[in-house]
Amino acid sequence: MATKAKAFDLKAQPGFSAIARIAVVSLYLPIIILVVFSFNATSSLGVWGGFSFGWFVMAWHNDLIINAALFSLFLATVAGVFATIMATMAAIAMTRSDAYRGQTISYALINQPLIVPEIVTAISLLIVFAAVKSATGYSGTGYLVIAHTAFCIPFAYLPIRARLEGMDLNLETAAADLYADPWKTFVHVTLPRLGPGIVAGFMLAFVVSLDDVVITDLVKSGGQETLPTFMLGQIRRDMTPEVNAAATMLLIPSILLVTAVHLINRKK
Amino acid sequence: MSIATHVAPAADRKSAIQTIGLQKSYGSGAATFLALDDVSIDIAENEFFTLLGPSGCGKTTLLRLIAGFNFPTDGQILLHGKDIAPLPPFKRPINTVFQNYALFAHMSVAENIGFGMKMLGWPKEKITARVAEMLRLVRMEALAERRTSAISGGQQQRVALARALAPQPQVLLLDEPLSALDYKLRKEMQVELKRLQTETGITFVFVTHDQEEALAMSDRIAVMSKGKVLQVGNPREIYNAPVDRFVADFIGESNILEGRVLDDAGPGAFQVYVAGTTITAYGHATRGSAIQVLIRPEHVDVLDIATPNALPAEVENEVFVGSDTRLGLKLENGARFTVRLSNSPELDRQRTAGGRVWLRIHDRCARLLGAEHV
Amino acid sequence: MSSLTQQAAAHQAATVRRRWLLKAPALLTIILASVGPLSVMLVYSIMAKGSFGGVNLGQLSFDGWMNVFVERDPFDDTLVLADANLLILWRSIRLALITTIATLLVGFPTAYYIATRPEHIRSQWMLLITIPFWTNLLIRTFAIMGLLSNQGPINNFLIWIGVIDTPIQMLFTDGAVLLGLVYVYLPLMVLPIYSSLERMDFNLVEAGYDLYATRLKVLWHIVIPSCKPGIIAGSILVFIPAIGAYVTPRVLGGGKNMMMGNLIELQFGQGRNWPLGAALSICLLLIVTAALIFYIRASSAKDISHGH
């Protein structure tokens, strides 16, 4: 007769657990299906026809895809490095000081690329860069590098600033007390303590650059296709799992880097 | 029991740190906050000198000015007679032990200790030897290669000390270095610090708000309040002859009675009328003036019969605290009075509330206080 | 002592100089590749239209701004409402608002559930939420496209079990765009709500139950008010990119279910009406700015009420 008395769970809310589970599954299911069909033996994107690496082999031999992938990596690396260096310098200048003139405007500027819709930035860049291109005749990768660097800066800035704010000011005071001039203090104390923040900042900048499609698509000149712009160009055509294979290849570095950032932050 | 006379500086005494009219203010206009107000102190070589006061009294500000972390608004800081105001902290032969230790978490214990010498450009072998010596001095040889996050609070404290002492500073500044430790460890470190100071012969400037710590460790103490130095003296002077009510209250337990000076009673002694009785108190006063008299709780005998010059009182409560018994009493004029009696099994006896007793003050133990600083 | 004051002033000046030198590269890059071009856009919006795209610089005209709302009838030259533009403007606002509400309805329970897990499990759940956020937006939109297409798994499955004979047209509808937006921006709602729930004091919930509140009342009167800043932040974080979305409507909406982003692009491409495109861009920017101002107001009002 006696029913087991169940303790009243203070934190539970009816249905929330189901919603959370469904939400997370829904976040992954479409991506998983996309990845699964990149291994499809037939050219269908909806009917499973057996397992095959064929589309990966095909993508691997498609110079358009490989060149686009290599250019994506190149661009993400260069823009990531520039953005990280600039963001580190800016974060050091802007954190841990009393309020100063120009603080708000600097902060707004740094974060400005986060706020403006990408398409608006992309088109305004298109207009300006087109004018510069016809004036100078230069149509190299410089335009993409500067555009990517600009929108990567706020992402690189975020973890670096967080790390700086969490840092004990006394450490630098202690270094100065122990005969380190400002430069030595920076090299021996600030930079090493900042390390994980800088690594996380670079990784985020790298991922953001790798993901960009709108700005790249409008700013690029001939021969500057990245993997996302290549994929966007495929929409109107008959899509085959080859695009899925390319997408799967692009997913891997992003997921690895984000997991790495997560682990770095947790260790802190 | 006699009050120690002021220890005059010896003729060969050399000053390590001297501040002259030091002033530090924050903000401006009506919102100006005066953190240090005309502070002039003179700290001798090889001295264990303590800055004592409640939080916000300016003691840490003074320490930071000496270290060079902040600029004074006015005044001078001399190191061995030379003005060090233009020197940034990394050019001052003065090191600091920080309240939270500020150890570099990305370096090992040994690297932390060697940091200052590395920055000074000492040769490698010399650094290695000195680090080993310091590790021995603070008894941390076994943990040299540990990360500073992997050692206990007490050990971190030792590393911070070793790190600051290693480059052989002329003055060591300690900013409440023991406040993060538990009671027992704090007692141990007090002895340890004193030993290090004697062994190294370096001038220590120690900041604390703990009066017991200050009394136990210091050669001399400067008591500070609201940016001012109220009194400088050795622990006995500070305890036995505080200059004013603030110092008397802040250091140790005290009974402070309002009274009136009746007459002279020899050099430095006066007949004072307090709480319905005339007693003899010592200090400076003018005849007829209203005055405050300090009586420490342990400087009183409790008698059961009326005695001349003893203060009549009524027992309110009695608290047994192990080594001592505290008696809470009420004097004739209604003022509260505390007495501390040493316990011993044969003398132990309980008193009932409401009982009548007479308080006889030990010879020369009633002290006249000067005008109160506000 | 004036030498001391001078010394302090020199030190201060050096600090200021160093600060600006350190900030300069980042700020200049952003000005060069973002703020500067946006200003050009602002100027273009008040210039006359060039015949083959572009603008006639120096020839001031408010046609661009006017064309946002009205257009000249090609036959009798009268002004009529620019239906197409206004429809797209309305669709953008409507889709962005519905997206915000839908992500909130799903995101809040999700964030709450995660925030009430034991600590080590929480961080794993949050990693699961974070990974899609940092995953290529185009790929995620592609994934939804694959799912919804006529040859996709859903239609194939429905035909296979015999519910339908011919594929349902799901792609290139407003519904597809909406689903894509919700899918893509859901993590942006969960993250801030989670972080404010994580800081919540669950003793408040205990106190609520102790004082006879039911689960629903605890949720409504205690949990939701105390994570309001997170809810506001999440809503803004979703609304802003949703109203400016370009890739998602382009991929899932096809040519006809445009949002503002696509309309803007159209003016600089086939439309060849740069001043109109620039004016539309500035409109979009103004909507975003208004949302941000609302956010700043809302969060600082909260600070004041909790100030003491």
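The table below lists the values:
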read-out	value
Chain C: most fluctuating residue of C:Leu280, C:Leu22, C:Leu178 per GNM, C-alpha cutoff 10 Å	C:Leu22
Cα coordinate range in the stretch C:2-45, projected on the principal axes (Å, largest first)	55, 18, 5
Neighbour-count ranking [beta-carbon atoms within 10 angstrom, fewest first] of C:Thr103, C:Thr135	C:Thr135, C:Thr103
Net charge, C:Gly175 excluded, C-beta distance under 13 Å - Lys, Arg +1, Asp, Glu -1	+1
Amide H partners (placed H, <5 Å) of B:Leu174, local residues excluded	B:Val97, B:Val205, B:Phe206, B:Val207
For the stretch A:32-152, convex hull of alpha carbons as volume per residue, Å³	187
Sequence of B:Met134, B:Met189, C:Met200, C:Met259 once ranked by neighbouring C-beta atoms within 10 Å, starting from the fewest	C:Met200, B:Met189, B:Met134, C:Met259
Signed unit charges on C-beta, dipole axis of the stretch A:184-248, positive-most listed residue A:Gly197, A:Gln224, A:Ala246	A:Gly197
Cα-based Rg of the stretch A:63-267 normalised by 2.2 N^0.38 Å, two decimals	1.18
Separation between Cα centres of the stretch B:156-207 and the stretch B:103-126, rounded to whole Å	18
Convex hull per residue volume in Å³, alpha carbons only, for the stretch B:34-185	133
Paired Rg and Dmax values of the protein assembly as shown, which use every Cα atom, in angstrom	38.1, 124
Residues in the stretch C:1-44 reached by a label modelled at A:Phe186 [backbone nitrogen below 15 Å; 7 Å Cα→Cβ]	C:14-26
Debye, to nearest 20: dipole size of the protein assembly as shown, +1 on Lys, Arg Cβ, -1 on Asp, Glu Cβ	960
Among A:Ala162, A:Ala174, A:Ala90, residue whose mean-square fluctuation peaks in a GNM of chain A (springs only between Cα atoms under 10 Å)	A:Ala174
For C:226-238, mean number of other protein chain Cβ atoms within 10 Å	0
Where labels lie 7 Å past Cα in the beta-carbon direction, separation of B:Val191 and C:Asp210 in nm	4.6
Label-to-label distance, nm, for residues given as B:Leu120 and B:Ala290 (7 Å Cα→Cβ offset)	5.8
Per-bin percent of Cα-Cα distances, chain B [20 Å]	25, 47, 25, 3
Candidates B:Ala214, B:Ala310, B:Ala222: whichever shows maximal mean-square fluctuation once chain B is modelled as a Gaussian network with Cα springs under 10 Å	B:Ala310
Which of C:Ser34, B:Ser254 has the fewest Cβ neighbours within 10 Å, and the rest in rising order	B:Ser254, C:Ser34
Selection from B:Ser55, B:Asn343, B:Pro177 lying farthest towards where the dipole of chain B points positive, charges on Cβ	B:Pro177
Gain upon complete extension [B:Asp249, B:Ala265; 0.36 nm per residue less C-alpha separation]	3.1 nm
Above-threshold pairs, the threshold being 22 Å between Cα atoms, out of B:Lys194/B:Lys226; A:Lys184/B:Lys91; A:Lys184/B:Lys82; A:Lys184/B:Lys126; A:Lys11/C:Lys228	B:Lys194/B:Lys226; A:Lys184/B:Lys82
Stokes-Einstein D for the stretch B:253-374, Kirkwood Rh over Cα pairs, 4 °C, 1.567 mPa s (µm²/s)	87
Shielding score for B:92-99, defined as the mean number of other chain Cβ atoms within 10 Å	3
Rg ratio (alpha-carbon, reference 2.2 N^0.38 Å) - chain C	1.31
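None of the figures in this text is laboratory data; all of them are computed from the coordinates on show. All of these numbers come straight from a predicted model, not from anything done at the bench. No Cβ is skipped: glycine too gets one built from the backbone with ideal geometry, and neighbour counts run over all protein chains shown.
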